[in-house]
Amino acid sequence: MRILTGNDLKAGAVVWWTGYDWSRHVEDAADVGDQADAIAAREEAARRVNAPYAIEATRDAGGTPRPAHIKDRIRALGPTVRPDLTLKPADPAVGNWVI
Amino acid sequence: MYIYDEFDQAMVDARVAEFRDQVDRRLAGKLSEDQFKPLRLMNGLYLQLHAYMLRVAVPYGTLNSAQMRLLGDIADKYDRGYGHFTTRQNIQYNWIRLEDAPDILADLARVGMHAIQTSGNCIRNTTSDHFAGAAADEVVDPRPYAELIRQWSSFHPEFSYLPRKFKMAVIASQRDRAAMRLHDIGIRLVRNSAGELGGEFYVGGGMGRTPMIAPLIRDFVPIDQFITYAEACLRVYNRHGRRDNKYKARIKILVHELGAEEYARQVEEEFAHLLTLGIEPPARELERIAAQFAPPPFASGLPDTIDRSDPAFALWAARNLQPHKAPGYTALTISLKPTGGIPGDASADQIRLMADLAERYSFDELRVTHAQNIVLPHVRKADLPALWRELVDAGLGSPNLDLAGDIIACPGLDYCSLANARSIPVAQQIGERLAGKEQDIGELKLKISGCINACGHHHAGHIGILGVDKKGVENYQLLLGGSEAEDVSLGKITGPGFDEAGVVDAVEKVTDLYLARREDGERFLDTYRRIGVEPFKEVLYG
Ligand code: SF4
């Protein structure tokens with residue numbers, strides 16, 4: 001699948017395109033097919049996102065989109081060296097999803 | 001310590017107001033990201049993996065307590081409770097909101113700080129010896145000259161759009177604690193046989209994709225001409241630097257391609273011309289600056305001994321202290337490298353504590369080192385035990401300066417959008433693996449970068465590690481034999497790279513070989529230089 005990501009313009013936080021909105025959680029990412037450029041251009045022009053780009057992803061066993069590249073998995077979750085600052089600070093197994 | 005005069009303050013305040021307006025226009029949609037990006041970068045604001053990142057300049061690594069305290073407060077108020085000290089002697093915050101950035105810059109301006117020229121193709125923050133003003137071996141305090149460079153280079157109209165970024169360092173002792181020859185321009189202040197002060201100019205060093213050691217371009221530039229000479233060095237570069245190719249645009253490539261002699265000849269020609277224009281700042285300006293770096297009022301008649309009866313304290317004192325020019329004083333380094341910790345990170349509370357300690361024990365002064373540690377430069381030896389206890393209580397008492405645990409590591413793929421691999425977890429695992437033997441191993445400079453840009457100085461590590469991307473998987477190259485000190489050298493890649501666990505094993509293997517083969521008094525680097533790379537390759541790949 002192809003998913004669309006970027007950063008929130010004001011806060012800088014990593015966000016994912018859900019099909020109708022932006023979410024902090026990669027779980028919400030929708031398959032954008034061949035629509036990535038059109039959505040990115042429209043959303044960037046509306047200042048709802050900064051520096052958007054599309055990436056390849058697969059669905060993991062739980063159905064969550066898992067970005068193909070480790071960089072985007074780290075973006076999705078947070079720094080591997082500060083579990084307390086990730087989106088899932090209480091999940092000890094989350095590192096396996098990233099690496 | 002340099003305190004802003006009304007010109008400095010007006011300049012920085014004007015920049016804050018300008019940036020506030022630019023951010024407003026960006027948020028209102030009047031500026032696109034393409035238009036805004038160069039403007040935010042001029043104010044040290046990057047977009048990194050998780051958020052905006054703000055890099056704050058710490059000129060030549062010197063801070064007073066009020067500035068340091070504010071750096072801690074910014075970490076709490078605008079970030080997530082910590083900051084990261086960098087190899088450029090600066091500090092970075094990883095979780096900044098764009099809408100907060102102008103307020104942060106305004107806060108910084110109130111204590112005489114800014115983020116100007118911490119990014120972009122301009123002259124960046126000038127670095128210096130972190131023991132400047134304290135070191136027993138310096139011929140002069142180099143910081144007034146670094147400050148003069150800051151003032152000369154700030155908003156310099158001719159050098160705001162250089163072919164590439166430009167980094168300068170100024171030191172004033174034979175020992176090089178600032179990686180001086182790995183800078184675009186490295187200046188060592190010296191005295192000639194007549195006792196006059198001047199500078200040796202080394203031009204065209206650097207790390208990154210094509211590491212080079214800067215050759216000596218001129219062995220003595222009189223101190224009252226040194227800005228003019230630097231201007232000539234920059235002009236020749238600005239004229240001929242390769243703007244057509246980003247990878248060949250640094251001055252090191254120009255000096256290498258022209259040859260040091262031809263480059264020096266062109267600089268001399270330009271220098272002769274510039275001397276006729278009288279562009280050197282007036283001597284009274286240098287005097288005004290130098291007066292602000294006058295030594296603090298050291299007490300005389302202090303005991304010059306240290307009570308080492310507590311073994312844990314003695315261990316720390318044996319590693320983390322530096323000879324001071326004033327009897328009864330020492331310069332101490334606070335290691336930001338606890339075993340298993342994140343190199344260079346400090347919490348807001350730790351930053352504020354270090355500010356308090358500087359106020360109480362070190363004439364209000366601190367330094368950031370390029371090795372990502374903090375120095376209290378002027379501490380009475382008699383105060384050390386009490387001070388050390390406070391450091392230990394705050395998790396800042398690691399007795400590992402220049403040992404295996406004192407690893408330089410860039411933010412790597414945990415934070416940096418340019419990274420190929422993570423640096424920090426590798427540093428953490430090596431630190432933990434070698435913790436039990438680091439005192440035995442002795443001086444070992446380990447440096448890790450997450451990509452070829454070499455912010456972690458891997459070329460200059462006794463052991464260097466470079467993270468690369470091998471078909472989407474993190475991989476690590478091992479380098480041996482680098483040094484950024486006065487015995488400067490570039491490390492060489494040992495062979496095929498390793499995965500994360502493998503590179504930790506590899507480091508242990510090469511240090512074990514060193515322990516087995518070292519001769520009396522040899523550091524890791526000395527043994528490597530004596531026996532060569534082959535025995536190391538043998539244990540790694542044999
Ligand atoms: S060396 Fe590369 S990964 Fe590390 S901080 Fe510099 S640019 Fe980022």
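The values are calculated or read from the model by the stated rules, or taken from the named source; none is laboratory data. Remember, it's a predicted structure, so these values are computed and weren't measured experimentally. Methodologically, a virtual Cβ is constructed for each residue, glycine included, from the backbone with ideal geometry; neighbour enumeration extends over all protein chains shown. All accessible areas refer to the heavy atoms of the entire protein, side chains included, with ligands and DNA or RNA removed. Shrake-Rupley method; radii C 1.70, N 1.55, O 1.52, S 1.80 Å.
Being at positive phi and assigned by TED's automatic domain parsing to the domain that holds B:GLU285 narrows it down to one of B:GLY199, B:GLY241, B:GLY208, so name that one.
Numbers: B:GLY199 fails: at positive phi; B:GLY241 fails: at positive phi.
Answer to the selection: B:GLY208.
Give the residue, chosen from B:GLY467, B:GLY481, that is within 21 Å of the chain's Cα centre (by Cα) and more than 13 Å from the ligand (Cβ to nearest atom).
Numbers: B:GLY467 fails: more than 13 Å from the ligand (Cβ to nearest atom).
One residue alone meets the criteria, B:GLY481.
In segment B:491-502, which residue that is in contact with a helix residue (DSSP H, G or I) (Cβ under 8 Å, 6 or more places away or on another chain) and under 18 Å from B:ARG530 (Cβ atoms) is farthest from the ligand (Cβ to nearest atom)?
The qualifying residue farthest from the ligand (Cβ to nearest atom) is B:THR494.
Look at segment A:56-65 and say how many of its residues are surrounded by 20 or more Cβ atoms within 10 Å (Cβ to Cβ) and not small (Gly, Ala, Ser).
Quick first cut of segment A:56-65, residues surrounded by 20 or more Cβ atoms within 10 Å (Cβ to Cβ) only: A:57, A:65.
Within this subset, residues satisfying the condition of being not small (Gly, Ala, Ser) are A:65.
Total meeting the criteria: 1.
For segment B:404-457, which residues satisfy the criterion of being among the aliphatic types (A, V, I, L, M), open to solvent by 10 Å² or more (accessible area, probe 1.4 Å) and either closer than 15 Å to B:GLN372 by Cα or more than 16 Å from the ligand (Cβ to nearest atom) (or both)?
Selection gives B:ALA435 alone.
Does any residue of segment B:213-235 turn out to be at pLDDT below 95 and among the charged types (D, E, K, R)?
No; the residues of segment B:213-235 include none that is at pLDDT below 95 and among the charged types (D, E, K, R).
May I ask you to verify whether B:LYS37 is in a helix (DSSP H, G or I) and at pLDDT 95 or above?
Values: in a helix (DSSP H, G or I): yes; at pLDDT 95 or above: yes.
Against the criterion (in a helix (DSSP H, G or I) and at pLDDT 95 or above), B:LYS37 qualifies.
Hey, which of the strands (runs of 3 or more DSSP E) in chain A, taking only ones fully inside, have at least 2 residues that are at the interface with chain B (Cβ under 8 Å from one of its Cβ atoms) and either of a type in the set (Lys, Arg) or more than 10 Å from the chain's Cα centre (by Cα) (or both)?
Details: elements: A:2-7, A:14-17, A:50-59, A:65-67.
Of the strands (runs of 3 or more DSSP E) lying wholly inside chain A, those with at least 2 residues that are at the interface with chain B (Cβ under 8 Å from one of its Cβ atoms) and either of a type in the set (Lys, Arg) or more than 10 Å from the chain's Cα centre (by Cα) (or both) span A:50-59.
Yes or no: segment B:219-237 includes at least one residue that is crowded, with 17+ Cβ neighbours inside 10 Å and in a strand (DSSP E or B).
yes
Go through B:ASN94, B:ASN90, B:ASN64 for me and flag whichever is at the interface with chain A (Cβ under 9 Å from one of its Cβ atoms) and under 19 Å from the mean Cα position of the chain (by Cα).
Working: B:ASN90 fails: at the interface with chain A (Cβ under 9 Å from one of its Cβ atoms); B:ASN64 fails: at the interface with chain A (Cβ under 9 Å from one of its Cβ atoms).
Within the list B:ASN94, B:ASN90, B:ASN64, the selection yields B:ASN94.
Pull out all pairs, ordered by first then second residue, where Cβ-Cβ is under 6 Å, the residues are six or more apart or on different chains, the first lies in segment B:430-458 and is among the hydroxyl-bearing types (Ser, Thr, Tyr), and the second is more than 7 Å from the ligand (Cβ to nearest atom).
That search, which allows pairs on different chains as well, returns B:SER449/B:HIS458; B:SER449/B:LEU466.
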